[in-house]
Amino acid sequence: MSAINLILQTGVVAKGVLLVLLVFSLASWTIIFLKLRTLGRADRQDERFHRLFRESKNLHSAYEDCRRFPQSPLAALFREGFRELSFVLKGNPAPGGNPASPDAAAKGLEISAEDLLSRVSRTLRHASLREVSGLERLLIFLATTGNVTPFIGLFGTVWGIMNAFHSIGLTGSANLGAVAPGIAEALITTAAGLATAIPGVIAYNYFLNRIKGAATRMDLFALEFTGLAERILAKGGRGR
């Protein structure tokens with residue numbers, strides 16, 4: 001007897017359990033494919049932007065080029081850090097406009113280097129948390145799927161065993177024909193619950209590890225940008 005025939009012969013409750021598990025499974029696989037695409041693009045654009053950032057002659061040219069990487073968390077961090085640096089050194093840029101180059105504005109500012117670096121660091125930290133939060137979006141559903149669906153399948157298991165005992169009570173016999181339908185319901189809902197939960201748990205742990213890697217890259221880039229801002233201030237005579 002095929003699995004499809006077993007599913008068709010299950011009771012209403014078992015069919016309901018299988019339908020709920022199917023919804024969880026389809027939603028989980030949709031999220032998995034979306035996250036694979038999103039994180040893949042983020043990793044590729046991060047690598048390209050970081051290479052461009054290190055090869056750029058100045059921050060302003062890097063700012064102009066970073067618009068080519070809309071899905072790069074590092075580019076997002078750079079935009080926020082550059083705007084904050086430009087705001088402090090030159091004045092508040094127009095929303096959506098091009099801030100002035102910090103290299104050209106590092107002179108004549110009445111603010112200590114420590115205060116400026118602290119503001120830039122806070123801005124980068126805020127941007128980093130926002131980017132990580134965006135990358136983690138929808139992961140909670142995968143965690144929920146991994147935690148909940150085995151119990152949904154277990155409910156179908158218990159219901160199937162109850163049906164098996166009920167059949168024994170009605171027929172007064174424990175032969176295979178009496179208990180087979182209930183046992184089949186129990187086994188198929190158990191298998192469906194595990195088949196739904198396992199990919200969700202594996203994907204959740206995998207994506208969480210990749211996002212931790214992206215967060216580490218952002219922390220390292222924030223340190224790199226802060227160091228660059230410190231050199232700009234030293235060149236402009238700040239903090240003496």
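The values are calculated or read from the model by the stated rules, or taken from the named source; none is laboratory data. Everything numeric in this text was worked out from a predicted model, so none of it was measured. Positions of Cβ are backbone-derived with ideal geometry, glycine not excepted, and every protein chain shown enters the neighbour counts.
Scan the range 1-25 and report the pairs whose first residue is under 24 Å from Val201 (Cβ atoms) and whose second residue is modelled with pLDDT under 75 and surrounded by 12 or more Cβ atoms within 10 Å (Cβ to Cβ), with Cβ atoms within less than 7 Å and a gap of 6+ or a chain change.
Note: pairs meeting the criteria are Leu18/Ile7.
Which condition number does Ser86 fail, the rest of (1) buried (at least 21 other Cβ atoms within 10 Å of the Cβ); (2) modelled with pLDDT of 85 or more being met?
(2)
One line per residue, one yes/no per condition, for (1) in contact with a His (Cβ under 6 Å, 6 or more places away or on another chain); (2) closer than 17 Å to Glu80 by Cα; (3) among the β-branched types (Val, Ile, Thr):
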{"position": "Ser118", "(1), (2), (3)": "no, yes, no"}
{"position": "Ser121", "(1), (2), (3)": "no, yes, no"}
{"position": "Leu124", "(1), (2), (3)": "no, yes, no"}
{"position": "Ala127", "(1), (2), (3)": "no, yes, no"}
{"position": "Glu131", "(1), (2), (3)": "no, yes, no"}
{"position": "Gly134", "(1), (2), (3)": "no, yes, no"}
{"position": "Phe141", "(1), (2), (3)": "no, no, no"}
{"position": "Thr149", "(1), (2), (3)": "no, no, yes"}
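Quick one: is Gly239 at pLDDT below 80, loosely packed, with under 15 Cβ neighbours inside 10 Å, of a type in the set (Gly, Ala, Ser) and farther than 30 Å from Glu47 by Cα? Even if it seems obvious, please write down each step before you answer.
Numbers: at pLDDT below 80: yes; loosely packed, with under 15 Cβ neighbours inside 10 Å: yes; of a type in the set (Gly, Ala, Ser): yes; farther than 30 Å from Glu47 by Cα: yes.
It is true that Gly239 is at pLDDT below 80, loosely packed, with under 15 Cβ neighbours inside 10 Å, of a type in the set (Gly, Ala, Ser) and farther than 30 Å from Glu47 by Cα.
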